[in-house]
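One structure below.
What follows draws every value from the coordinates through simple rules; no lab data is involved. Just so you know, these numbers come straight off a predicted model, no measurement behind them. Glycine also receives a Cβ, built like all others from the backbone with ideal geometry; neighbour counts cover every protein chain displayed.
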Amino acid sequence: MIEVLVVDDDARVAQVNAAYVEKVPGFHVAGEAHSAADALRLLEAQPRVDLVLLDHYLPDETGLEVVQEMRRRGHQTDVIMVTAARDVSTVQAAMRQGALQYLVKPFAFAGLRAKLEAYAELRRTLDGGGEAEQSDVDRIFGALSASSETGLPKGHSPTTAELVRRCLMGAGGPLSAQEIADRTGVSRQTAQRYLKLLERTGRARLTLKYGDAGRPEHRYVWATRG
């Protein structure tokens, strides 16, 4: 059973999220907290918490500050941010501090369930131990990203989709397919294909850069609305 700590400043939202967690087989709510101090206290008190569903906007500290303090205290508990914070700087900081996923409010049960099921699959993969071939590494890194691009068209890799998504999200400005290709190591054609997918799903916006002559260059920017 995967033990989950639900952290949200709004008690009603925490209750709803906890109820969602309990509906997913294999998950159990270890506790609810409504502040950073409560979250850290429960982490110290509970014998085992595997995953924290963590809001960013807390009354005493931010969710990212909670993650920093968790690591300082030696807690290696996994974190999925569940928050209304949509600005790219917060998303980037969450990634860099080790959040496994980022779920933007408001969301339906299906959205959280997909994240939790992907997390459970990741744990099953990691629990196997031993040495990893490239295919195993791809599966580990793709386990959580698979849920972030639900309904990928046939022939699209969740791992590549996540690679392009993270590159664009962390760029801070528009990038062309060639620039994405240079930064990720995929081909320009592959980068273009996944950028178009992000645009179709509303996660990226297309901009045009006009030069002195010829057709305008297609450039893509992350859609910060989430």
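Structure notes:
- Two-site label geometry, Arg96 and Arg73: point separation in nm, points 7 Å out along Cα→Cβ: 2.4 nm
- Packing-based ranking, highest mean first, of 5-18, 171-184 given that Cβ atoms within 10 Å are counted: 5-18, 171-184
- Each of Phe27, Phe107 has some number of other Cβ atoms within 10 Å of its Cβ, and from fewest to most they run Phe107, Phe27.
- Neighbour-count order for Asp55, Asp87, fewest beta carbons within 10 angstrom listed first: Asp87, Asp55
- Chain lengthening between His156 and Arg124 when straightened (0.36 nm per residue, less Cα-Cα): 9.2 nm
- Counted charge near Arg71, where neighbours are those whose Cβ lies closer than 13 Å (Asp, Glu -1; Lys, Arg +1): 0
- Separation in nanometres of the label points that stand 7 Å from Cα toward Cβ, at Ala108 and Ala45: 3.6 nm
- Across the stretch 153-222, C-alpha contacts under 8 Å between residues 6 or more apart give a mean separation that, scaled by the residue count, equals a relative contact order of 33 percent.
- Cα-Cα pairs of the stretch 153-222 separated by more than 17 Å (percent): 35 percent
- Ranking of Thr83, Thr159 by neighbouring Cβ atoms within 10 Å, starting from the fewest: Thr159, Thr83.
- Stretching the chain fully between Arg183 and Met1 yields a gain of 61.6 nm (0.36 nm per residue, less the alpha carbon separation).
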